[in-house]
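Beneath this line is the structure, given in C-alpha coordinates, with notes to follow.
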Amino acid sequence: MTTLSILIVTVFVAGYLCIALESVTKVNKAAIALLMCVLCWTLLMMGPGAYYPEVATDGVVHHIAEVIEHHLGDAAGTLFFLMGAMTIVEIVDSNGGFNFVRDTLKTRSKRKLMWRVAFMTFFLSAILDNLTTSIVMIMVLRKLVQSREERLIYAALIVISANSGGAFSPIGDVTTIMLWIKGVISTQGVLTEIFIPSLVSMVVPASILQFSLKGKFDKEQNLPKADVSQFTKTQRDIIFWLGVGGLVFVPIFKTLTHLPPFMGILLVLGVLWTTTEIFHYNTSEDDTMAKRVSDIMTKIDLSTIMFFLGILMAVAVLQEIGVLTALGEGLNEAFSGNYYVINGIIGVLSSIVDNVPLVAGCMGMYPVAEAGPMAVDGIFWQLLAYCAGVGGSMLIIGSAAGVVVMGLEKITFGWYLKKITWIAFVGYLAGIVCYWLVRMLLF
(Lines give C-alpha, C1' and ligand atoms only; values in the text may rest on other atoms or scores of the structure.)
Protein backbone atom coordinates (compact mmCIF):
# COMPACT_ATOMS: atom_id res chain seq x y z
CA MET A 1 0.00 0.00 0.00
CA THR A 2 1.42 3.39 -1.02
CA THR A 3 1.86 6.32 1.33
CA LEU A 4 -0.98 8.15 -0.41
CA SER A 5 -3.28 5.14 0.03
CA ILE A 6 -2.44 5.04 3.74
CA LEU A 7 -3.22 8.75 4.00
CA ILE A 8 -6.60 8.29 2.28
CA VAL A 9 -7.49 5.39 4.56
CA THR A 10 -6.41 7.46 7.59
CA VAL A 11 -8.71 10.32 6.55
CA PHE A 12 -11.57 7.85 6.09
CA VAL A 13 -11.00 6.25 9.49
CA ALA A 14 -10.71 9.65 11.19
CA GLY A 15 -13.93 10.83 9.56
CA TYR A 16 -15.63 7.60 10.54
CA LEU A 17 -14.60 8.07 14.15
CA CYS A 18 -15.98 11.62 14.14
CA ILE A 19 -19.28 10.27 12.81
CA ALA A 20 -19.28 7.63 15.54
CA LEU A 21 -18.62 10.29 18.19
CA GLU A 22 -21.26 12.71 16.93
CA SER A 23 -22.91 12.83 20.35
CA VAL A 24 -19.58 13.97 21.83
CA THR A 25 -18.37 16.37 19.13
CA LYS A 26 -21.86 17.83 18.55
CA VAL A 27 -20.99 18.13 14.83
CA ASN A 28 -23.64 16.85 12.43
CA LYS A 29 -22.61 13.55 10.82
CA ALA A 30 -23.60 14.83 7.37
CA ALA A 31 -21.02 17.63 7.58
CA ILE A 32 -18.28 15.14 8.53
CA ALA A 33 -19.29 12.74 5.75
CA LEU A 34 -19.13 15.50 3.12
CA LEU A 35 -15.72 16.69 4.36
CA MET A 36 -14.42 13.13 4.41
CA CYS A 37 -15.66 12.58 0.86
CA VAL A 38 -14.03 15.72 -0.57
CA LEU A 39 -10.74 15.20 1.28
CA CYS A 40 -10.43 11.60 0.07
CA TRP A 41 -11.03 12.55 -3.57
CA THR A 42 -8.67 15.52 -3.26
CA LEU A 43 -5.91 13.25 -1.97
CA LEU A 44 -6.53 10.87 -4.85
CA MET A 45 -5.99 13.76 -7.28
CA MET A 46 -2.58 14.44 -5.72
CA GLY A 47 -1.10 11.23 -7.10
CA PRO A 48 -3.44 9.74 -9.69
CA GLY A 49 -0.64 8.14 -11.69
CA ALA A 50 -0.18 5.47 -9.03
CA TYR A 51 -3.75 4.24 -9.50
CA TYR A 52 -4.29 4.75 -13.23
CA PRO A 53 -0.95 3.82 -14.90
CA GLU A 54 -2.72 2.88 -18.10
CA VAL A 55 -3.98 6.45 -18.58
CA ALA A 56 -1.74 9.05 -20.21
CA THR A 57 -0.44 11.75 -17.86
CA ASP A 58 -2.18 14.56 -19.70
CA GLY A 59 -5.52 12.73 -19.58
CA VAL A 60 -5.53 11.42 -16.03
CA VAL A 61 -7.40 14.43 -14.60
CA HIS A 62 -10.13 14.01 -17.19
CA HIS A 63 -10.23 10.28 -16.42
CA ILE A 64 -10.73 10.90 -12.68
CA ALA A 65 -13.51 13.36 -13.48
CA GLU A 66 -15.23 10.58 -15.42
CA VAL A 67 -14.67 8.17 -12.53
CA ILE A 68 -16.26 10.63 -10.10
CA GLU A 69 -19.24 11.10 -12.42
CA HIS A 70 -19.62 7.32 -12.67
CA HIS A 71 -19.70 6.87 -8.90
CA LEU A 72 -21.90 9.93 -8.49
CA GLY A 73 -24.35 8.41 -10.95
CA ASP A 74 -24.53 5.22 -8.89
CA ALA A 75 -24.95 7.22 -5.68
CA ALA A 76 -27.56 9.50 -7.27
CA GLY A 77 -29.67 6.49 -8.19
CA THR A 78 -29.73 5.44 -4.54
CA LEU A 79 -30.38 8.98 -3.32
CA PHE A 80 -33.26 9.62 -5.74
CA PHE A 81 -34.76 6.27 -4.75
CA LEU A 82 -34.46 7.25 -1.09
CA MET A 83 -35.97 10.72 -1.60
CA GLY A 84 -38.79 9.34 -3.74
CA ALA A 85 -39.64 6.60 -1.26
CA MET A 86 -39.54 9.02 1.69
CA THR A 87 -41.82 11.46 -0.13
CA ILE A 88 -44.30 8.75 -1.12
CA VAL A 89 -44.52 7.45 2.44
CA GLU A 90 -44.88 11.01 3.79
CA ILE A 91 -47.76 11.68 1.34
CA VAL A 92 -49.58 8.52 2.41
CA ASP A 93 -48.94 9.25 6.08
CA SER A 94 -50.00 12.92 5.98
CA ASN A 95 -53.32 11.93 4.40
CA GLY A 96 -54.16 9.23 6.94
CA GLY A 97 -53.26 6.31 4.68
CA PHE A 98 -51.51 4.32 7.41
CA ASN A 99 -54.38 4.50 9.88
CA PHE A 100 -55.59 0.97 9.16
CA VAL A 101 -52.02 -0.38 9.47
CA ARG A 102 -51.84 1.33 12.85
CA ASP A 103 -55.15 -0.21 13.83
CA THR A 104 -53.92 -3.67 12.77
CA LEU A 105 -50.81 -3.41 14.94
CA LYS A 106 -52.34 -1.64 17.92
CA THR A 107 -52.24 -3.28 21.31
CA ARG A 108 -51.68 -1.98 24.82
CA SER A 109 -49.06 -4.65 25.49
CA LYS A 110 -45.57 -3.33 24.75
CA ARG A 111 -44.13 -6.77 24.06
CA LYS A 112 -47.00 -7.82 21.79
CA LEU A 113 -46.53 -4.65 19.78
CA MET A 114 -42.81 -5.41 19.50
CA TRP A 115 -43.42 -8.85 18.00
CA ARG A 116 -46.10 -7.56 15.64
CA VAL A 117 -43.81 -4.79 14.41
CA ALA A 118 -40.91 -7.24 14.03
CA PHE A 119 -42.79 -9.78 11.93
CA MET A 120 -44.59 -7.21 9.79
CA THR A 121 -41.27 -5.45 9.09
CA PHE A 122 -39.57 -8.78 8.33
CA PHE A 123 -42.07 -9.89 5.70
CA LEU A 124 -42.73 -6.44 4.22
CA SER A 125 -39.02 -5.91 3.59
CA ALA A 126 -38.93 -9.03 1.44
CA ILE A 127 -41.67 -7.56 -0.77
CA LEU A 128 -40.89 -3.85 -0.80
CA ASP A 129 -37.21 -3.67 0.22
CA ASN A 130 -35.55 -3.00 3.56
CA LEU A 131 -35.15 0.73 2.96
CA THR A 132 -38.75 1.47 1.99
CA THR A 133 -40.12 -0.84 4.68
CA SER A 134 -38.11 0.96 7.36
CA ILE A 135 -39.57 4.31 6.33
CA VAL A 136 -43.13 2.92 6.35
CA MET A 137 -42.75 1.23 9.74
CA ILE A 138 -41.18 4.28 11.40
CA MET A 139 -44.12 6.40 10.22
CA VAL A 140 -46.55 3.86 11.71
CA LEU A 141 -44.48 3.55 14.89
CA ARG A 142 -44.77 7.28 15.53
CA LYS A 143 -48.54 6.83 15.78
CA LEU A 144 -48.22 3.95 18.22
CA VAL A 145 -45.47 4.89 20.70
CA GLN A 146 -45.12 8.33 22.24
CA SER A 147 -42.22 7.63 24.61
CA ARG A 148 -38.96 8.39 22.80
CA GLU A 149 -36.88 5.96 24.87
CA GLU A 150 -39.22 3.08 24.06
CA ARG A 151 -39.59 4.14 20.45
CA LEU A 152 -35.81 3.93 19.96
CA ILE A 153 -35.91 0.26 20.98
CA TYR A 154 -38.70 -0.43 18.49
CA ALA A 155 -36.81 1.55 15.82
CA ALA A 156 -33.65 -0.52 16.40
CA LEU A 157 -35.68 -3.70 16.02
CA ILE A 158 -37.12 -2.34 12.77
CA VAL A 159 -33.57 -1.96 11.40
CA ILE A 160 -32.70 -5.54 12.38
CA SER A 161 -35.97 -6.99 11.07
CA ALA A 162 -35.80 -5.06 7.79
CA ASN A 163 -32.24 -6.20 7.05
CA SER A 164 -33.04 -9.80 7.99
CA GLY A 165 -36.18 -9.82 5.87
CA GLY A 166 -34.36 -8.30 2.91
CA ALA A 167 -31.66 -10.99 2.98
CA PHE A 168 -33.90 -13.94 2.08
CA SER A 169 -35.60 -12.24 -0.89
CA PRO A 170 -33.97 -11.62 -4.29
CA ILE A 171 -35.51 -8.11 -4.32
CA GLY A 172 -35.32 -7.35 -0.60
CA ASP A 173 -31.85 -5.79 -0.50
CA VAL A 174 -29.58 -4.13 -3.05
CA THR A 175 -26.91 -6.82 -2.50
CA THR A 176 -29.31 -9.71 -3.09
CA ILE A 177 -30.52 -7.90 -6.21
CA MET A 178 -26.91 -7.69 -7.43
CA LEU A 179 -26.28 -11.39 -6.80
CA TRP A 180 -29.65 -12.37 -8.29
CA ILE A 181 -29.11 -10.33 -11.46
CA LYS A 182 -25.66 -11.86 -11.92
CA GLY A 183 -27.24 -15.30 -11.63
CA VAL A 184 -25.18 -16.68 -8.72
CA ILE A 185 -28.29 -17.13 -6.57
CA SER A 186 -31.75 -18.20 -7.70
CA THR A 187 -35.13 -17.15 -6.34
CA GLN A 188 -35.96 -20.67 -5.20
CA GLY A 189 -32.54 -21.26 -3.68
CA VAL A 190 -32.40 -18.07 -1.61
CA LEU A 191 -36.02 -18.42 -0.43
CA THR A 192 -35.69 -22.03 0.67
CA GLU A 193 -32.23 -21.96 2.26
CA ILE A 194 -31.82 -18.39 3.57
CA PHE A 195 -35.35 -17.90 4.95
CA ILE A 196 -34.86 -19.83 8.22
CA PRO A 197 -31.42 -18.30 9.04
CA SER A 198 -32.82 -14.83 8.30
CA LEU A 199 -35.84 -15.49 10.52
CA VAL A 200 -33.55 -16.67 13.33
CA SER A 201 -31.40 -13.52 12.97
CA MET A 202 -34.55 -11.50 13.67
CA VAL A 203 -36.19 -13.65 16.33
CA VAL A 204 -33.09 -13.94 18.56
CA PRO A 205 -32.55 -10.13 18.91
CA ALA A 206 -36.30 -9.61 19.37
CA SER A 207 -36.29 -12.20 22.16
CA ILE A 208 -33.51 -10.28 23.91
CA LEU A 209 -35.00 -6.81 23.33
CA GLN A 210 -38.39 -7.80 24.71
CA PHE A 211 -36.91 -7.72 28.23
CA SER A 212 -36.37 -3.97 27.77
CA LEU A 213 -40.11 -3.49 27.41
CA LYS A 214 -42.48 -4.18 30.27
CA GLY A 215 -46.09 -3.45 31.06
CA LYS A 216 -48.71 -1.72 28.98
CA PHE A 217 -49.16 1.64 27.32
CA ASP A 218 -51.26 4.33 28.97
CA LYS A 219 -54.58 4.74 27.24
CA GLU A 220 -54.15 8.51 27.12
CA GLN A 221 -50.68 8.41 25.53
CA ASN A 222 -50.89 5.37 23.30
CA LEU A 223 -52.62 5.25 19.96
CA PRO A 224 -53.54 8.90 19.46
CA LYS A 225 -55.87 9.76 16.67
CA ALA A 226 -54.00 10.84 13.59
CA ASP A 227 -54.72 14.14 11.93
CA VAL A 228 -56.07 13.50 8.48
CA SER A 229 -56.96 15.71 5.60
CA GLN A 230 -60.44 16.47 4.36
CA PHE A 231 -60.21 13.63 1.87
CA THR A 232 -62.93 10.99 1.98
CA LYS A 233 -62.16 7.46 3.15
CA THR A 234 -62.23 6.29 -0.46
CA GLN A 235 -59.72 8.94 -1.49
CA ARG A 236 -57.43 8.05 1.43
CA ASP A 237 -57.61 4.37 0.45
CA ILE A 238 -56.73 5.27 -3.14
CA ILE A 239 -53.72 7.27 -1.94
CA PHE A 240 -52.59 4.36 0.24
CA TRP A 241 -52.84 1.73 -2.49
CA LEU A 242 -51.22 4.00 -5.07
CA GLY A 243 -48.35 4.66 -2.66
CA VAL A 244 -47.71 1.25 -1.15
CA GLY A 245 -48.87 -0.64 -4.23
CA GLY A 246 -46.61 1.56 -6.30
CA LEU A 247 -43.63 0.68 -4.11
CA VAL A 248 -44.39 -3.01 -4.63
CA PHE A 249 -44.60 -2.33 -8.39
CA VAL A 250 -41.09 -0.79 -8.55
CA PRO A 251 -39.18 -4.11 -8.86
CA ILE A 252 -41.74 -5.29 -11.43
CA PHE A 253 -41.22 -2.08 -13.39
CA LYS A 254 -37.46 -2.64 -13.28
CA THR A 255 -37.86 -6.20 -14.59
CA LEU A 256 -40.15 -5.11 -17.41
CA THR A 257 -38.25 -2.01 -18.55
CA HIS A 258 -34.68 -2.73 -17.33
CA LEU A 259 -34.55 0.86 -16.09
CA PRO A 260 -32.91 1.71 -12.74
CA PRO A 261 -35.17 1.33 -9.66
CA PHE A 262 -35.23 5.10 -9.02
CA MET A 263 -37.07 5.56 -12.34
CA GLY A 264 -39.86 3.36 -11.01
CA ILE A 265 -39.97 5.41 -7.81
CA LEU A 266 -40.24 8.64 -9.83
CA LEU A 267 -43.09 7.10 -11.86
CA VAL A 268 -45.01 6.21 -8.70
CA LEU A 269 -44.32 9.64 -7.19
CA GLY A 270 -45.54 11.36 -10.36
CA VAL A 271 -48.78 9.35 -10.42
CA LEU A 272 -49.41 9.87 -6.71
CA TRP A 273 -48.60 13.59 -6.95
CA THR A 274 -51.02 14.06 -9.86
CA THR A 275 -53.75 12.13 -8.04
CA THR A 276 -53.48 14.19 -4.86
CA GLU A 277 -53.55 17.43 -6.87
CA ILE A 278 -56.82 16.30 -8.45
CA PHE A 279 -58.27 15.35 -5.06
CA HIS A 280 -57.37 18.79 -3.67
CA TYR A 281 -59.74 20.52 -6.10
CA ASN A 282 -62.65 20.05 -3.70
CA THR A 283 -60.88 20.76 -0.39
CA SER A 284 -60.46 23.98 1.54
CA GLU A 285 -57.53 26.25 0.74
CA ASP A 286 -55.88 25.77 4.15
CA ASP A 287 -55.98 21.99 3.82
CA THR A 288 -54.75 22.15 0.26
CA MET A 289 -51.66 24.18 1.10
CA ALA A 290 -50.81 22.00 4.08
CA LYS A 291 -51.09 18.65 2.34
CA ARG A 292 -49.83 19.30 -1.17
CA VAL A 293 -46.77 17.38 -2.24
CA SER A 294 -44.76 20.55 -2.85
CA ASP A 295 -45.15 21.38 0.83
CA ILE A 296 -44.67 17.81 2.04
CA MET A 297 -41.34 17.61 0.21
CA THR A 298 -39.95 20.33 2.48
CA LYS A 299 -40.23 17.83 5.36
CA ILE A 300 -37.72 15.43 3.79
CA ASP A 301 -34.58 15.22 5.91
CA LEU A 302 -31.91 16.54 3.54
CA SER A 303 -29.16 16.05 6.13
CA THR A 304 -29.72 12.29 5.86
CA ILE A 305 -29.48 12.54 2.07
CA MET A 306 -26.22 14.50 2.32
CA PHE A 307 -24.84 12.01 4.82
CA PHE A 308 -25.68 9.15 2.49
CA LEU A 309 -24.00 10.98 -0.40
CA GLY A 310 -20.83 11.62 1.58
CA ILE A 311 -20.53 8.03 2.80
CA LEU A 312 -21.15 6.45 -0.62
CA MET A 313 -18.67 8.74 -2.39
CA ALA A 314 -16.01 8.31 0.32
CA VAL A 315 -16.28 4.52 0.11
CA ALA A 316 -15.99 4.85 -3.68
CA VAL A 317 -12.46 6.26 -3.18
CA LEU A 318 -11.49 3.16 -1.19
CA GLN A 319 -12.85 1.09 -4.04
CA GLU A 320 -10.85 3.08 -6.60
CA ILE A 321 -7.51 2.73 -4.81
CA GLY A 322 -8.03 -1.01 -4.46
CA VAL A 323 -8.33 -1.18 -0.67
CA LEU A 324 -11.56 -3.18 -0.69
CA THR A 325 -10.30 -5.62 -3.32
CA ALA A 326 -7.04 -6.12 -1.43
CA LEU A 327 -9.02 -6.73 1.74
CA GLY A 328 -11.06 -9.42 0.02
CA GLU A 329 -7.96 -11.08 -1.39
CA GLY A 330 -6.33 -11.01 2.03
CA LEU A 331 -9.34 -12.73 3.57
CA ASN A 332 -9.26 -15.36 0.84
CA GLU A 333 -5.60 -16.12 1.49
CA ALA A 334 -5.89 -16.10 5.27
CA PHE A 335 -8.99 -18.32 5.45
CA SER A 336 -8.72 -20.31 2.23
CA GLY A 337 -11.59 -22.74 1.88
CA ASN A 338 -13.47 -21.68 5.02
CA TYR A 339 -16.38 -19.82 3.42
CA TYR A 340 -18.20 -19.45 6.73
CA VAL A 341 -15.33 -17.44 8.25
CA ILE A 342 -14.71 -15.40 5.07
CA ASN A 343 -18.36 -14.42 4.67
CA GLY A 344 -18.72 -13.91 8.41
CA ILE A 345 -15.94 -11.32 8.34
CA ILE A 346 -17.39 -9.73 5.18
CA GLY A 347 -20.69 -9.37 7.05
CA VAL A 348 -18.96 -7.60 9.94
CA LEU A 349 -17.15 -5.32 7.47
CA SER A 350 -20.45 -4.52 5.76
CA SER A 351 -21.56 -2.81 8.97
CA ILE A 352 -18.56 -0.50 8.73
CA VAL A 353 -18.39 0.26 5.02
CA ASP A 354 -21.09 0.06 2.38
CA ASN A 355 -21.97 -3.54 1.54
CA VAL A 356 -22.53 -2.77 -2.15
CA PRO A 357 -18.83 -2.31 -3.09
CA LEU A 358 -17.93 -5.24 -0.83
CA VAL A 359 -20.31 -7.56 -2.65
CA ALA A 360 -19.27 -6.08 -6.00
CA GLY A 361 -15.64 -6.78 -5.11
CA CYS A 362 -16.46 -10.37 -4.15
CA MET A 363 -18.30 -10.94 -7.41
CA GLY A 364 -15.24 -9.72 -9.28
CA MET A 365 -12.78 -11.75 -7.20
CA TYR A 366 -14.47 -15.12 -7.11
CA PRO A 367 -15.44 -16.87 -10.37
CA VAL A 368 -18.67 -18.83 -10.65
CA ALA A 369 -17.99 -22.57 -10.78
CA GLU A 370 -20.08 -25.36 -12.27
CA ALA A 371 -20.12 -27.28 -9.00
CA GLY A 372 -19.13 -26.91 -5.38
CA PRO A 373 -19.37 -23.96 -2.95
CA MET A 374 -18.79 -21.41 -5.74
CA ALA A 375 -21.54 -22.80 -8.00
CA VAL A 376 -24.95 -21.14 -8.46
CA ASP A 377 -26.75 -21.36 -5.10
CA GLY A 378 -23.52 -22.65 -3.57
CA ILE A 379 -22.55 -22.08 0.05
CA PHE A 380 -20.35 -19.07 -0.72
CA TRP A 381 -22.93 -17.06 -2.67
CA GLN A 382 -25.84 -17.79 -0.36
CA LEU A 383 -23.78 -16.98 2.71
CA LEU A 384 -22.63 -13.78 1.02
CA ALA A 385 -26.26 -12.77 0.47
CA TYR A 386 -27.09 -13.47 4.12
CA CYS A 387 -23.97 -11.97 5.73
CA ALA A 388 -23.83 -8.79 3.62
CA GLY A 389 -27.51 -8.10 4.31
CA VAL A 390 -27.87 -9.08 7.97
CA GLY A 391 -24.36 -7.94 8.97
CA GLY A 392 -25.32 -4.33 8.29
CA SER A 393 -27.55 -4.38 11.38
CA MET A 394 -24.58 -4.38 13.74
CA LEU A 395 -24.02 -0.63 13.32
CA ILE A 396 -26.68 2.01 12.73
CA ILE A 397 -24.82 3.29 9.65
CA GLY A 398 -24.14 -0.21 8.33
CA SER A 399 -27.19 -0.34 6.05
CA ALA A 400 -29.51 1.92 4.10
CA ALA A 401 -32.31 0.99 6.50
CA GLY A 402 -30.17 1.99 9.46
CA VAL A 403 -29.15 5.30 7.94
CA VAL A 404 -32.71 6.35 7.16
CA VAL A 405 -33.99 5.30 10.62
CA MET A 406 -31.06 7.15 12.16
CA GLY A 407 -32.17 10.29 10.34
CA LEU A 408 -35.88 9.92 11.03
CA GLU A 409 -35.59 9.10 14.74
CA LYS A 410 -32.32 11.00 15.44
CA ILE A 411 -30.64 7.88 16.83
CA THR A 412 -27.02 8.48 17.78
CA PHE A 413 -24.23 6.16 16.71
CA GLY A 414 -23.09 5.76 20.31
CA TRP A 415 -26.51 4.76 21.66
CA TYR A 416 -26.92 2.07 19.01
CA LEU A 417 -23.35 0.81 19.52
CA LYS A 418 -23.86 0.50 23.27
CA LYS A 419 -27.40 -0.87 23.36
CA ILE A 420 -28.00 -2.80 20.13
CA THR A 421 -24.74 -3.84 18.41
CA TRP A 422 -24.07 -6.89 20.59
CA ILE A 423 -27.69 -8.03 20.30
CA ALA A 424 -27.60 -7.78 16.49
CA PHE A 425 -24.26 -9.64 16.49
CA VAL A 426 -25.73 -12.52 18.52
CA GLY A 427 -28.60 -12.82 16.05
CA TYR A 428 -26.14 -12.64 13.14
CA LEU A 429 -24.06 -15.53 14.50
CA ALA A 430 -27.19 -17.55 15.32
CA GLY A 431 -28.31 -17.22 11.69
CA ILE A 432 -24.94 -18.45 10.39
CA VAL A 433 -25.07 -21.47 12.70
CA CYS A 434 -28.65 -22.10 11.57
CA TYR A 435 -27.57 -21.96 7.91
CA TRP A 436 -24.82 -24.51 8.65
CA LEU A 437 -27.39 -26.84 10.24
CA VAL A 438 -29.76 -26.41 7.28
CA ARG A 439 -26.99 -27.29 4.82
CA MET A 440 -26.02 -30.31 6.92
CA LEU A 441 -29.57 -31.61 6.96
CA LEU A 442 -30.32 -30.93 3.29
CA PHE A 443 -27.00 -32.05 1.88
Is it possible to state the helix-based mean residue ellipticity at 222 nm for the chain, with each DSSP H run of 4+ residues giving -39500 (n - 2.57), the sum divided by total residues, to the nearest 500 deg cm²/dmol? What is it? -24000 deg cm²/dmol
Under a 1.4 Å probe, counting only protein heavy atoms, Trp273 has an accessible area in Å², nearest 10, of 80
Once normalised by the length of the chain, the mean sequence separation of its alpha carbon contacts under 8 Å that are 6 or more apart gives a contact order in percent of 24
By how many nm would the segment from Ala76 to Lys233 grow when fully extended, if each residue of separation counts as 0.36 nm and the alpha-carbon distance is taken off? 52.9 nm
Under a GNM of the chain (C-alpha, springs under 10 Å), which listed residue has the highest mean-square fluctuation: Thr25, Thr175, Thr133? Thr25
Can you pull the accessible area of Arg439 for me, 1.4 Å probe, Å² to the nearest 10? 40
Return the distance in nm (one decimal) between the two label points of a simple spin-label model at Ile278 and Val24, each offset 7 Å from Cα along Cα→Cβ. 5.6
I'd like the accessible area for Val60: 1.4 Å probe, protein heavy atoms, all chains in place, Å² to the nearest 10. 10
Label-to-label distance, nm, for residues given as Ser147 and Val61 (7 Å Cα→Cβ offset): 6.1
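In the structure displayed, which of Lys112/Lys419; Lys182/Lys418; Lys106/Lys418; Lys254/Lys419; Lys233/Lys299 lie more than 27 Å apart, Cα to Cα?
In this structure, Lys182/Lys418; Lys106/Lys418; Lys254/Lys419 exceed 27 Å between Cα atoms.
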Helix axis angle, 323-334 relative to the chain longest principal axis, alpha carbon, degrees: 70
For the chain, the longest principal axis of the Cα atoms and the Cα long axis of helix 379-390 enclose an angle in degrees, to the nearest 10, of 50
The chain, accessible surface, carbon-and-sulfur percent (1.4 angstrom probe): 66
On the Cα set of region 65-211, report Rg and Dmax in Å, please. 16.7, 56
Probe 1.4 Å, all protein chains present, accessible-area order of Glu333, Glu150, largest first: Glu333, Glu150
Please work out the ratio of the alpha-carbon Rg of the chain to 2.2 N^0.38 Å and round it to two decimals. 1.00
Quick one: among Met86, Met46, Met394, which has the greatest mean-square fluctuation in a GNM of the chain with alpha-carbon springs under 10 angstrom? Met46
Please identify, among Gly344, Gly392, Gly245, the residue showing maximal mean-square fluctuation in a Gaussian network model of the chain using a 10 angstrom Cα cutoff. Gly245
Suppose accessible area is computed on protein heavy atoms with a 1.4 Å probe; arrange Val61, Val244 from highest to lowest. Val61, Val244
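The values are calculated or read from the model by the stated rules, or taken from the named source; none is laboratory data. Everything numeric in this text was worked out from a predicted model, so none of it was measured. In this analysis, Cβ positions are derived from the backbone assuming ideal geometry, glycine residues included, and neighbour counts consider all displayed protein chains. Heavy atoms of the whole protein, side chains included, go into the accessibility calculation; ligands, DNA and RNA do not. Shrake-Rupley method; radii C 1.70, N 1.55, O 1.52, S 1.80 Å.
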